[in-house]
Structure formats: structure tokens, C-alpha cells
Amino acid sequence: MHALKKNRPLRRIVLASAATVSGMVLLLSLKPHTSPAAALALPAPSGGASASSGTGSATTGTKTVTGDTIQTRWGPVQVRITIKNSRLTEVTAVTYPTDNPRDQEINSYAIPRLRTEALEAQSADIDTVSGATYTSDGYRQSLQSALDSAGS
């Protein structure tokens, strides 16, 4: 019995050390929000009012509006829309995360799906693309701000 009591503190130390090492590995493997250089560069370009810009022609009824830049966990998302005769005719993702191959892979299928959904719905009431939740949320918010700016 006495031998078991001696081993318990050693077992606890080994288990605590293993848990600490595992926790540190998991913590260090998390992807950072943005690189320090990108974090410094992003806030400077524009405020909320200048992010939405509209151009249009009274004769054709065509208006192009850029939505607000939405900061997501993986990077900024911004959408530009074209409205012709009160219909959403084009949605273009101006800015979206492309910092690494995984972002590029995810957004290569997410952005076209979001565009198609927006054109079909004629609104920002679109579904989230599985695997691209943050990009989908940012896309939806930027799209809504562009629609609001366009008066639709």
C-alpha cells in the first residue's frame, strides 16, 4: 500500500506535464487573426462613410455600390453590387481572405456560391456556406450595407 502512495504524486506530475505540453501545442497551432503588418494596414484605408460609394446613370437606371469592409476572424470581406432597374444584376467580392492556401481553397468555392445565392434571393438573406462561416457572415453584412446604400 505504501508503494502505491509513492507512485501517485509522480503519476500526477507526469499527467500534469503531459496536459500542459498538449495544451501549449494546441495553443501554438491556432491560426492568428491577422499578421501584425496586415493589422496595422487595415484600419487606415477608409471609414464607414467612404467605404460605401455609389456610381450610377440616370438614363440606364444602373447603380454600382460598394459595401462596407467587414472584418472577420480570418480577414476582411467587402462586396460590390450592381443594380439595374431595381434588380440586383451583379455581386462581386472585392476583398476576401486569401492569405494562405486554405483560405484560397475555401473561398474558391464559397464566393461563387454566395454570389449565386445573392442573385437568386435579390437580397442579403442568403445561406451560410458550410466550411466558410466567417466569410459568409462578412459577405452577408457587406452585401446588406451595399443594398442599404443603394436604397434597395
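The values are calculated or read from the model by the stated rules, or taken from the named source; none is laboratory data. All figures in this text were calculated on a predicted structure; none of them were measured in a lab. In case anyone asks, the SASA skips ligands and DNA or RNA and just uses the protein heavy atoms, side chains included. Shrake-Rupley method; radii C 1.70, N 1.55, O 1.52, S 1.80 Å.
Determine how large the accessible area of Ser17 is when every protein chain is in place; take a 1.4 Å probe and give Å² rounded to the nearest 10.
60 Å²
Rounded to the nearest whole Å², what accessible area per residue is found for the stretch 60-99 with the 1.4 Å probe?
48 Å²
Largest first, what is the accessible-area ranking of Leu28, Leu119, Leu88 with a 1.4 Å probe?
Sorted descending by solvent-accessible area, the residues read Leu28, Leu119, Leu88.
Would you tell me the accessible area of Val129, worked out with a 1.4 angstrom probe on the heavy atoms of the protein chains, in Å² to the nearest 10?
Around 10 Å² of this residue is reachable by solvent.
At 1.4 Å probe size, with the rest of the protein present, what percent of the exposed accessible area of the stretch 62-152 is carbon and sulfur atoms?
Values: 1990 of 4560 Å².
Here carbon and sulfur together make up 44 percent of the probe-accessible area.
Stretch Ala16-Ser108 to full length: gain in nm at 0.36 nm per residue minus the Cα-Cα span?
28.9 nm
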